[in-house]
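K.L.:
My structure is below; once you've seen it, I'll send some questions.
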């Protein structure tokens, strides 16, 4: 299998994992899919490093694998275990069918939006950059329609993975220092949001943003 075929396969795994994360309500399943997405994302710099013999891309790949493929999904799964009462509840404002339709529409919009970019550079990585933009749109979808704070954190992670994927695919890799800074900032942000979510559970017994808004209106 050629390098470009492997990049296409990894991009497909990125997109499918994002679509399923948007349609699932179970946080444990979302954490597992987020881990798959992080691993698929890490294969992009690995494949580019192998093709271009770049040490920076090798390091970036291991960084992505550690932070986005292991640590952050682990934090999501840990948060899911702390809120068992909410795991079985429907915490999405839209149905699964509607979620799939919106994800499909986002993918089409992303493809149309990157056509001018593919005209400038016809390489396989540039053509696959629409996957990164589609993930960004799916991440925004999750942020809008998920009711639970942890679910919205997952949406933020999907969005950020989409930005990273677009950077790798559209520019043949982002600078190592930029990826290092972005990954550390993301890790600290998720740790802070996780701590705030735990406080919300202790104080209010829920992370449902709709219910919290009602509390604020009283």
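The values are calculated or read from the model by the stated rules, or taken from the named source; none is laboratory data. All values derive from a computational prediction rather than experimental measurement. Backbone-built Cβ (ideal geometry, glycine too); neighbour counts: all protein chains shown.
K.L.:
Return yes when residue 115 is surrounded by fewer than 20 Cβ atoms within 10 Å (Cβ to Cβ) and at negative phi and no when it is not.
P.N.:
yes
K.L.:
Within 15 Å of the chain's Cα centre (by Cα) and farther than 29 Å from residue 147 by Cβ: which single residue out of 27, 33, 75, 65 fits that description?
P.N.:
The match here is 65.
K.L.:
In addition: Would you point out the residue of region 50-80, among those that are without any contact (Cβ under 8 Å) to a residue 24 or more places away in the chain and touching a helix residue (DSSP H, G or I) at 6+ places or on another chain (Cβ under 7 Å), that is surrounded by the most Cβ atoms within 10 Å (Cβ to Cβ)?
P.N.:
The residue in question is 61.
K.L.:
If you don't mind, there's one more thing I want to ask. In region 108-161, how many are at pLDDT below 80, closer than 16 Å to residue 41 by Cβ and part of a helix (DSSP H, G or I)?
P.N.:
1
K.L.:
Taking region 1-53 on its own, how many of its residues are closer than 15 Å to residue 125 by Cα and touching a strand residue (DSSP E or B) at 6+ places or on another chain (Cβ under 9 Å)?
P.N.:
Number satisfying all stated conditions: 0.
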